[in-house]
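To start, the structure under review is shown below, and the notes come after it.
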Amino acid sequence: MSEVKLAADVRTSFGKGAARSIRRENKVPGVIYGHGTEPVHVTLPGHELLLALRTANVLLSLDIDGKTELAIPKAVQRDAIKGYLVHVDLLLVKKGEKVTVEVAVETEGDLAPGSFLVENVLNTLSVEAEATHIPTSVSVSIEGLEAGAAIHAKDIKLPAGTTLATDPEAVVIQILAAQAEEPAAETEAEGAEA
């Protein structure tokens, strides 16, 4: 995982009015906390932050008044209609430190021939990884699986240095048989007899 470098300015004005004026400048208000330190209120560049947040669990290298801090997004608030960033909470991390994050589960391969459906019971897995080596996703092979097959969290191969934080017995993916509908001609004939 690569680091995304952003310049952050410490902010001293708070409240709705101050946040609105920050957003008018195409910037995003945020707060950085963690490691027992006092929260630091910052202003981040809006477009650069939006691009960085496209990567799940992105590691941000923040330049705050000449001092570099590493942080990961903890909570991101977006406008419900327009989708722009409203506020972001960032968690301070250190190199070598383990953090618990959610990573996406991706399927690969083809099911056995027939009418089968893949049900993603869990779309993400909770894992513990080093802050500078957080995986963006984990892949699960569904090659050749048939109805009734299930893949549990413990069956998923995780990248080196990553441990499972989700219940190992939790079903992540299960394969179902497709339900066939009754032909329309039969149901119409039954309705005519009644």
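So the values come out like this:
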| quantity | calculated |
| --- | --- |
| Binned Cα-Cα distance frequencies in the range 60-125 - 5 Å width, integer % | 3, 11, 14, 14, 15, 13, 10, 8, 6, 4, 1, 1, 0 |
| Share of carbon and sulfur in the accessible heavy-atom surface of the range 92-187 [1.4 Å probe, %] | 49 percent |
| Sum of side-chain charges, residue 116 neighbourhood, beta-carbon under 13 Å (Lys, Arg +1; Asp, Glu -1) | -4 |
| Net charge of Cβ neighbours under 9 Å - reference residue 143; Lys, Arg +1; Asp, Glu -1 | -2 |
| Hypothetical label at residue 164: residues of the range 118-134 whose amide nitrogen lies under 11 Å (7 Å Cα-Cβ projection) | 126 |
| Listed residue pairs exceeding 26 Å between alpha carbons, taken from 67/95; 5/98; 95/157; 27/98; 74/95; 16/67 | 27/98; 16/67 |
| Heavy-atom accessible area per residue - the range 26-129, 1.4 Å, Å² | 55 Å² |
| Förster-model FRET efficiency, 25 Å R0, residue 123 and residue 33, C-beta, rounded to 0.05 | 0.35 |
| Separation of the residue 87 and residue 55 label points, Cα + 7 Å toward Cβ, nm | 2.7 nm |
| Equivalent ellipsoid, the range 33-98 (semi-axes from 5 times Cα gyration tensor eigenvalues, Å) | 21, 13, 12 |
| Quotient of Cα Rg and 2.2 N^0.38 Å for the chain, N being how many residues it contains | 1.44 |
| Where a label projected 7 Å from the Cα of residue 177 along Cα→Cβ would reach, residues of the range 147-161 with amide N under 13 Å | 147-149 |
| At R0 = 45 Å, FRET efficiency that the Cβ-Cβ distance of residue 157 and residue 21 yields, to 0.05 | 0.40 |
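The values are calculated or read from the model by the stated rules, or taken from the named source; none is laboratory data. In this text the structure is predicted, and so the values were computed from the model without any measurement. All Cβ positions, even for glycine, are placed from backbone atoms using ideal geometry, and neighbour counts span all protein chains on display. Just so you know, the surface numbers come from the protein's heavy atoms only, side chains and all, with ligands and any DNA or RNA stripped out. Shrake-Rupley method; radii C 1.70, N 1.55, O 1.52, S 1.80 Å.
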